[in-house]
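Scroll down for the structure; my scribbles are underneath it.
The values are calculated or read from the model by the stated rules, or taken from the named source; none is laboratory data. Keep in mind that what you see is a predicted model, and the values were worked out from it rather than measured. Note that we place each Cβ from the backbone using ideal geometry, even for glycine, and neighbour counts take in every protein chain shown.
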Amino acid sequence: MALSRPVLKVNAEKMPELPEVETVRRGLQPVMEGVRIARVEARRRDLRFPFQKDFVGRLEGKVVTGLGRRAKYLMADLETGDVLMMHLGMSGSFRVSKGANENAPGAFHHPRSEDRAHDHVVFHMVSGAVITFNDPRRFGYMKIVARSALDKEPLLRGLGPEPLGNEFDAAMLARACAGKKTSLKAALLDQRVVAGLGNIYVCEALYRARLSPKRVASTIVTKDGLPNDHAKRLVDAIHAVLNAAIKAGGSSLRDHRQTDGELGYFQHSFQVYDREGEKCGTPKCRGIVRRFTQNGRSTFWCPKCQK
């Protein structure tokens, strides 16, 4: 049965966040995991970084034994013990096709990009599936690292715990924020504190926790270094917003798509992000959602109920 040619794409001005990358992973998993790579085309010498000289040779003929995610990186384990790290950058997307089938069945909400000039890496699988990485701005990158050397990999070293992992709880967040004089939002965007969180979902989590993005990070910690109620509410809110977004298939800002070609719909559930000037959705709150620039990024919040 022919596969569709789905597109997983993010707007050039928006980095994909954890739910979007997880959506990509789940979409690629059925066509990559357990399948041998027959041939690889690297149509450029570089993306954001130059490809390794043995990039193609270390991939061709190898079975992908697993497809995981670390923060915003896709991690393809190979039977050799190598790991192919893939980052979407700002405009990266994957397209899957098989045979001569050039059209995906069903209706699409928005036309998919057909600009093949930016098809930079192509994986030909022995199953007949073809997985194409398209990246107009070339901010994405791919790198092969031995799994035994991942702990020393500069791109991964220093990353904090996964926000949906067992390590990330109120106590851990309190320890990371103790003594920090930066804003709570800046702390959450620090990948050393927690890996994979981005601007959109931090805004949403802070709103759900009823905490101001301007609040000093150390105020979620007691004098004894323990998490207070703010920290507990915030961790619960982070878990809730990420799980909801992943369940919805990732936010479909601009032209991001799931692997079946349908748009994710979590953006319709955003409670503050991109809702400047709208009424706050908190019951009995008469506040208005405001936007201000914080650390070079747009922050959306309700000044009345987020304290």
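Every residue, every condition in (1) touching a Pro at 6+ places or on another chain (Cβ under 8 Å); (2) at pLDDT 80 or above, yes or no:
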| site | (1), (2) |
| --- | --- |
| R254 | no, no |
| Q267 | no, no |
| C285 | no, yes |
| V289 | no, yes |
| T293 | no, yes |
| T299 | yes, yes |
| C302 | no, yes |
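For the range 163-175, name all the residues that are modelled with pLDDT of 95 or more, among the small types (G, A, S) and surrounded by fewer than 22 Cβ atoms within 10 Å (Cβ to Cβ). Answer for the range 163-175, where residues must be modelled with pLDDT of 95 or more, among the small types (G, A, S) and surrounded by fewer than 22 Cβ atoms within 10 Å (Cβ to Cβ): A170, A171. Within the set of pairs 6+ apart or on separate chains, which have a first residue in the range 50-69 that is of a type in the set (S, T, Y), a second that is surrounded by 15 or more Cβ atoms within 10 Å (Cβ to Cβ), and C-beta atoms under 9 Å apart? Close Cβ pairs satisfying both conditions: T65/E33; T65/A76; T65/D77; T65/L78.
Answer yes or no: is there a residue in the range 232-248 that is among the β-branched types (V, I, T), within 17 Å of V272 (Cα to Cα), out of contact with any Cys (no Cβ under 7 Å at 6 or more places or on another chain) and not assigned by TED's automatic domain parsing to the domain that holds K72. Yes, there is a match, as at least one residue in the range 232-248 is among the β-branched types (V, I, T), within 17 Å of V272 (Cα to Cα), out of contact with any Cys (no Cβ under 7 Å at 6 or more places or on another chain) and not assigned by TED's automatic domain parsing to the domain that holds K72.
It is to be established whether one or more residues within the range 142-161 are within 23 Å of S93 (Cβ to Cβ), under 17 Å from the mean Cα position of the chain (by Cα), at pLDDT 95 or above and not polar (S, T, N, Q). Yes - at least one qualifying residue is present in the range 142-161.
Quick grid of which residues meet (1) within 16 Å of the chain's Cα centre (by Cα); (2) hydrophobic (A, V, I, L, M, F, W, C); (3) surrounded by fewer than 18 Cβ atoms within 10 Å (Cβ to Cβ); (4) assigned to a strand (DSSP E or B):
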residue: K181; (1), (2), (3), (4): no, no, yes, no
residue: K185; (1), (2), (3), (4): no, no, no, no
residue: G196; (1), (2), (3), (4): yes, no, no, no
residue: Y201; (1), (2), (3), (4): yes, no, no, no
residue: A205; (1), (2), (3), (4): yes, yes, no, no
residue: K214; (1), (2), (3), (4): no, no, yes, no
residue: S218; (1), (2), (3), (4): no, no, yes, no
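Residues are listed down the side, and each one gets a yes or a no for (1) surrounded by 16 or more Cβ atoms within 10 Å (Cβ to Cβ); (2) touching a Cys at 6+ places or on another chain (Cβ under 7 Å); (3) at pLDDT below 85; (4) over 26 Å from G160 (Cα atoms):
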| position | (1), (2), (3), (4) |
| --- | --- |
| K14 | yes, no, yes, no |
| E17 | yes, no, yes, no |
| R45 | no, no, no, yes |
| F51 | yes, no, no, yes |
| L74 | yes, no, no, no |
| H87 | yes, no, no, no |
| N103 | no, no, yes, yes |
